[in-house]
Amino acid sequence: MDLDLRRADYSLSDDQEALQAAFETFFERECPATRVRSAEPFGFDEELWQRLAGMRAVAMGVPESGGGDGAGLEELILVAEEVGRRVAPVPVIEAVVAARLLAAVPAGADTLDAVLRGSVIPTIALHAGGGDQLVPGGSVARAAIALVGDDLVLAERDRPPEQVANQGHAPIAWWDLGGSDVERRTLATGREGRDLFEQAGREWRILTSAALIGMSRAVLDLGVQHARDRVAFGAPIGTFQAVSHSLVDVAMSVDTGRRLVRKATWYQQHEPGVHRHLVPMAYFYAQEAAVEATTVAVHVLGGVGFTVESDAQLYFRRAKGWTLVAGDPQRELGALADQLFGPAQVVGA
Amino acid sequence: MDFSIIELDDETARFRDEVREFCKRYITAEVLDAEYRDGNGFDLELHMALGERGWILPTWAKEDGGAGLTGLKASILALELEAHHAPSITKGTTTLVLPAVMRWGTDELKAEVVPGVARGDIRFCLGYTEPDSGSDVAAARTRAFRDGDEWVIDGQKMFTTGAQNCQYSFLLTRTNPDAAKHKGLTMFLCPLDHAEIQAIRTLGGERTNMVFYDGVRIPDRYRLGPVDQGWMVLLGPLNAEHAMADSAPPVTLDSPGGMYGISAVFALEAAVAWAATPGPDGRRPIDDPLVRHRLARHALDVEMATIATGPAGRIISSEVAIRVGADLIDMVGPRGLLPRGEKGTVEDGWIEHSHRFAQGTATYGGTTDVFRNIIAERVLGLPRSAPPTKSPS
């Protein structure tokens, strides 16, 4: 048995802490729950998006050679966690993943310039294949990157397709990648195209995981506050272990899930060929934790938690609303198994 | 964030080889068989050999009985011992108590016990729990009465694990029954030569003990800290055991962080090895979607047990070990029930053992329920859970 001797440092650098604080302050000021509500049902706030551009939220993730600030995933997860914490109605995760992909291929340069100028929001169609699919951020994006056959394709439209109504009030839309209303350009082909597409999918999962941790943390705070304040049977309900222990389980998931996301992030950024199972692992865990956290919060808040006046339901809707567009999360365990145990062998096939 | 590989210089690499040679020599199949059978948590020859090298207190200076190891080398030593399944319970309790002895013991007491701890021939166990008190540590009733320069101890302790291997118990006593619960306690490093030890066997295969103190007389030099202020003395080791201490080592390794995660790691490794081996029909269980999906889920849970820290690490690692152990034994089927050494046993019986062993981990050192209270109150700032009040008459 040979053990990897590795560091296990989950901490942030001073610069990272400053970045985190800046985005925490930004979203706290710019994105109260009222703003999330007023953006419903479309899930997009143009003004917030503009201000976020002022924070260089997308540009920071693009390499300096592409006109960006060269931040890595380590920094981007800090932004994503704050996005999730306020369930901000802006498709920043999709946009930054797509922008990084555009920066990786020469054919993406023109569109990337438009993205950095703010005239185009780009996104990624998460499912390989050429047909109709629901695309995250697809109702506000004019450019979507997709894997069609063996080609990594940039599909562009004059205007985004109409949003489709959905439980999470997310800005999703059907994109017909083979349709007549999209103009297609090939960004890369064959192995290169597939690898870039896979990498983008992994980055989307990592950033979404961080956002889900942020969501979980936010609803935990709501639940804890209520458990301190609400008196029943002559005592704050937080004194009852049936209530407090369910909140403790959420707190453990938030803290441990954040560590898992950071570990997966570090490997993806610095040693992407190693421990590849960590990305589907972090994504699966974070979405499961967010569903549990929002379920607990809605319940701890009692009848009020179930009403549309409750902020908890904003989060409940988005715990699945921001993730299901990637498909059944249980499939992530299949990806995890393939990475850890090697592909399944079919006897007699 | 930094998860990079720690490159070992030649000297450190040689040290690692030396530790591996040591493990092969002293942690033999016989030692592991005996541990599986007797659950002693201790092997005398191994412990003395560790002491001979200064490896019981590896970071202590050589002149103090340690080996003067760097943090990295000490981590390598701990990791290799763990990976080779070294019996470690008694070493663990001994080193847990030692800081309290160093902090509160008189020079005379330290001279009496500390060199022996470093050599290996003096060992400590934890004497907190009683028949009527466990997680509620401060409810202890074992009495200590002062009689001139001596103390007389009367009472009974439960689950004093490793007492059969130890010379002293880190003993919690009540010296003032009239004071408030936490205010009338005094700690002793009580010699065990006049205490009566009775074995208790556990479902997990461990040996633990009842220890009876029937008028045991000990000199005052065995007292640790001020009379009636034992709670303060106890808190150091208790918090360390509760993994509440905030001093993280400068280098931590990719190793089970939650204290009971290791049991689940071994069981999972055994199950993955079993699943990758073709059965009588030539098929590998790992290719069965039902097995594959569950193993993936368990790998996730074991990862969480590994990276969780503090009180959450204690809870998650224990509960993961319980949940994973119960399902792995199902997956393996009837052979999963066979113990180490039996015909047809799977992977040395680690899964069979883990399923039983995991149950106790939810109780050791305070139950998982108590730890949830700790997180609720200290981390989340929720109001303290109230004991039942008198019903209105």
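Throughout, read-outs are computed from the coordinates displayed, never taken from laboratory work. Everything numeric in this text was worked out from a predicted model, so none of it was measured. Neighbour counts run over all protein chains shown; Cβ positions are idealised from the backbone, glycine included.
Put simply, the convex hull of the Cα atoms in chain B casts, on average, a shadow of 23.9 nm². Only Cα pairs under 8 Å and 6+ residues apart enter the sum, and on that basis the relative contact order of the range A:201-341 stands at 31 percent.
Helix A:278-300 axis versus longest C-alpha principal axis of chain A: approximately 30°, rounded to the nearest ten. When peptides A:261-269, A:102-110 are ranked by their average number of other Cβ atoms within 10 Å per residue, the highest-first order is A:261-269, A:102-110. Structural descriptor for chain B: relative contact order 12 percent, calculated from alpha carbon pairs under 8 angstrom and at least 6 residues apart.
Rounded to whole Å, the principal axis extents of the Cα atoms in the range B:42-97 read 26, 21, 19, largest first.
For the protein assembly as shown, adding -39500 (n - 2.57) for each run of n ≥ 4 DSSP H residues and dividing by the number of residues yields -15500 deg cm²/dmol at 222 nm. Taking the inverse of the mean 1/r over every pair of distinct Cα atoms in chain A gives a Kirkwood hydrodynamic radius of 20.8 Å. Most tightly packed first, judged by the mean number of other beta-carbon atoms within 10 Å of their residues, the peptides B:263-275, B:133-145, A:120-132 read B:263-275, A:120-132, B:133-145.
Computed from Cα positions, the angle between helix B:29-38 and the longest principal axis of chain B comes to roughly 60 degrees. Set the Cα radius of gyration of the range A:204-275 against 2.2 N^0.38 Å, with N its number of residues, and you get 1.48. The angle between the Cα long axis of helix A:330-341 and the longest principal axis of the Cα atoms of chain A comes to about 70 degrees, rounded to the nearest 10. Put a dot 7 Å past the Cα of B:A240, heading toward its Cβ, do the same for B:Q198, and the two dots end up 3.2 nm apart. Expressed as a fraction of 2.2 N^0.38 Å, the value expected for a compact globular protein of N residues, the C-alpha radius of gyration of the range A:233-349 is 1.36. Between the beta carbons of A:D338 and B:D154, assuming R0 = 45 Å, the FRET efficiency works out to 0.10 to the nearest 0.05.
Enter the Cα centre distance for the pair the range A:232-308 and the range B:254-314, rounded to the nearest angstrom. Here the answer is 22 Å between Cα centres. Applying a 4.7 Å Cβ-Cβ cutoff to the protein assembly as shown leaves A:C31, B:C23, B:C190 as cysteine residues with no disulfide-compatible partner. Between B:R20 and A:D181, the simple spin-label model (points 7 angstrom out along Cα→Cβ) gives 6.3 nm.
Cα extents for the range B:261-379 along the principal axes, largest to smallest and rounded to whole angstrom: 55, 28, 16. Other protein chain C-beta atoms within 10 Å of residue C-beta, averaged over B:280-288: 3. Over all alpha-carbon pairs in the protein assembly as shown, figure out the percentage whose distance exceeds 42 Å. Every Cα pair in the protein assembly as shown considered, those over 42 Å come to 38 percent. For peptide A:11-18, the mean count of partner chain Cβ atoms within 10 Å of a residue's Cβ comes to 1.
Distance between the 7 Å Cα→Cβ label points at B:D147 and A:W174: 9.1 nm. The largest-to-smallest principal axis extents of the Cα set in the range B:124-241 are 41, 27, 23 Å.
With R₀ fixed at 51 Å, the C-beta to C-beta distance from A:S119 to B:V379 puts the FRET efficiency at about 0.65.
For peptide A:227-240, the mean count of partner chain Cβ atoms within 10 Å of a residue's Cβ comes to 3.
Summary value for the range B:10-87: 34 percent relative contact order, contacts being C-alpha pairs under 8 angstrom separated by 6+ residues. The distance linking the range B:98-164 with the range B:7-54 is 28 Å (Cα centroid to Cα centroid, whole angstrom). Sorting the segments A:325-334, A:241-250 by their residues' average number of neighbouring beta-carbon atoms within 10 angstrom, most packed first, yields A:241-250, A:325-334. Treating each Cα of the range B:10-87 as one equal point scatterer and applying the Debye formula with no solvent, the log10 of I(q)/I(0) at q = 0.21, 0.26 Å⁻¹ comes out as -0.94, -1.27.
Rounded to 0.05, the FRET efficiency of the A:F233 and A:R157 pair, given R0 = 60 Å and the Cβ-Cβ distance, is 0.55. For the residue pairs B:K157/B:K181; B:K24/B:K91; B:K110/B:K183; B:K24/B:K157; B:K91/B:K157; B:K91/B:K343, the alpha carbons lie more than 29 Å apart in B:K24/B:K157; B:K91/B:K343.
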